[in-house]
């Protein structure tokens, strides 16, 4: 959780975790040169297939959330009960897109 929130150091217990966090942050950022550099680092450290997998997982996560937010799809009961603690842990209430999240 600390790696996701940016409050920790290291890899979050995941092999290449720090590099993967940098990749996801670069994907969400605006600096194309930063993304290009991090992509090259991931490919060098983990291989082309792992780069494609990591980018795909991150992109699909964002896609599913954007579709749910855009259509106003409410959380199911189980997630609605978990959502407050999860959003607090991840700091998700600070995300710009949180304003579109049905509550």
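Here, each number is a calculation from the coordinates, and none is a lab measurement. The structure presented is a predicted model; accordingly, all values stated were derived computationally and were not measured. Don't worry about glycine lacking a Cβ; one is built from the backbone with ideal geometry, like all the others, and counts go over all protein chains shown.
Here are a few things to note about the model shown:
- Between residue 87 and residue 59, the contour length at 0.36 nm per residue exceeds the alpha carbon distance by 8.2 nm.
- On the basis of the beta-carbon distance and an R0 of 30 Å, residue 18 and residue 78 show a calculated FRET efficiency of 0.45.
- Net length available on complete extension from residue 11 to residue 52 is 12.8 nm, with 0.36 nm assigned per residue and the Cα-Cα distance removed.
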